[in-house]
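The structure under discussion appears below in the form of structure tokens.
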Amino acid sequence: MKKILITNDDGIDADGIVRLAASAAKLGEVWVVAPDSQRSAVSHSVTLRRGVDAWKVCFPVPGVHAFACDGMPADCVRIGALNIVPGRPDHVLSGINYGYNVASDIQYSATAGAAFEAAFRNMHTIAFSEHACELHEVTDRYLPEIMAELMTKPLGVNQIWNVNFPGCTLAECGGVLWDRTVSTDAFYRDRYSETRVADDRITYMVDGIRCWEASEGTDLRAVLDNCVSVGIATNIS
């Protein structure tokens, strides 16, 4: 039976990781190693100057071995693959992230960062994300078949499959678009608001403007058009 290691950056109690593990459990033996709390936007960070704790926890999917970890998502992959999962995981799944990981946002994403850590260790990896809303019709419809198909599709060095589900009804969804490239357009146009908190100090708070334009054939264009985006992302850092 295939061994599947699952992590995320929203924390082990997130709804997305539970739904991902439930679907993956139909395809193999599932091991979850995930952060004990929110770790979004930490990219590919790892913990070096202190020990990282991991402990077994109850998980709502029967048969799943689950561990919480006080490190980063990439730590979870490293510890899971090297110490917790008996033998080498056959696949690593990251997600389902609450919010898209497309275009320029991939470089900040800890969902993608954990996936790239697995790819660096030559493990077949898929990252899953969805629109930050509570509408999961499209994800629930397409997740099982996309997961099963991508597990059979090879990847190159430092590559991951990156899947994003739109937050629309199934009737509004335009289907699955394969071979999407990572958009070079910005997902958000960054800006910061300023608040003076002392005579010599200003607080800057990110306040990005959502981008509604993207080139054809890209991941961002797909989700803007209410389609599922499936494509390969490559770690070039």
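The values are calculated or read from the model by the stated rules, or taken from the named source; none is laboratory data. Owing to the predicted nature of the structure, the values given are computational and were not obtained by experimental measurement. All Cβ positions, even for glycine, are placed from backbone atoms using ideal geometry, and neighbour counts span all protein chains on display.
Counting only strands (runs of 3 or more DSSP E) that fall entirely inside the stretch 136-237 and contain at least 2 residues that are among the aliphatic types (A, V, I, L, M) and modelled with pLDDT under 95, the qualifying elements are 192-198, 201-206.
For the structure I just gave you, tell me whether Thr139 is in contact with a Phe, Trp or Tyr (Cβ under 9 Å, 6 or more places away or on another chain), surrounded by 21 or more Cβ atoms within 10 Å (Cβ to Cβ) and under 20 Å from Leu155 (Cβ atoms).
Numbers: in contact with a Phe, Trp or Tyr (Cβ under 9 Å, 6 or more places away or on another chain): yes; surrounded by 21 or more Cβ atoms within 10 Å (Cβ to Cβ): yes; under 20 Å from Leu155 (Cβ atoms): no.
Spelling it out, it is not the case that Thr139 is in contact with a Phe, Trp or Tyr (Cβ under 9 Å, 6 or more places away or on another chain), surrounded by 21 or more Cβ atoms within 10 Å (Cβ to Cβ) and under 20 Å from Leu155 (Cβ atoms).
Checked against the criterion of being under 21 Å from Lys26 (Cβ atoms), touching a helix residue (DSSP H, G or I) at 6+ places or on another chain (Cβ under 6 Å) and of a type outside the set (Gly, Ala, Ser), the candidates Thr125, Thr152 yield just one match: Thr125. Could you look through the stretch 166-187, keep only residues that are over 11 Å from Ala222 (Cβ atoms) and charged (D, E, K, R), and pick out the one that is farthest from the chain's Cα centre (by Cα)? Per the criteria, the residue is Glu172. The single residue among Gly80, Gly51, Gly87, Gly113 that is modelled with pLDDT of 95 or more and farther than 30 Å from Ile209 by Cα turns out to be Gly80. Do we find that Glu130 is acidic (Asp, Glu), modelled with pLDDT of 95 or more, surrounded by 24 or more Cβ atoms within 10 Å (Cβ to Cβ) and closer than 20 Å to Val18 by Cα in this structure? Answer is yes for this residue. Within the stretch 106-124, identify whether any single residue is touching a Leu at 6+ places or on another chain (Cβ under 9 Å) and closer than 22 Å to Val176 by Cα, and answer yes or no. Among the residues of the stretch 106-124, at least one is touching a Leu at 6+ places or on another chain (Cβ under 9 Å) and closer than 22 Å to Val176 by Cα, which makes the answer yes.
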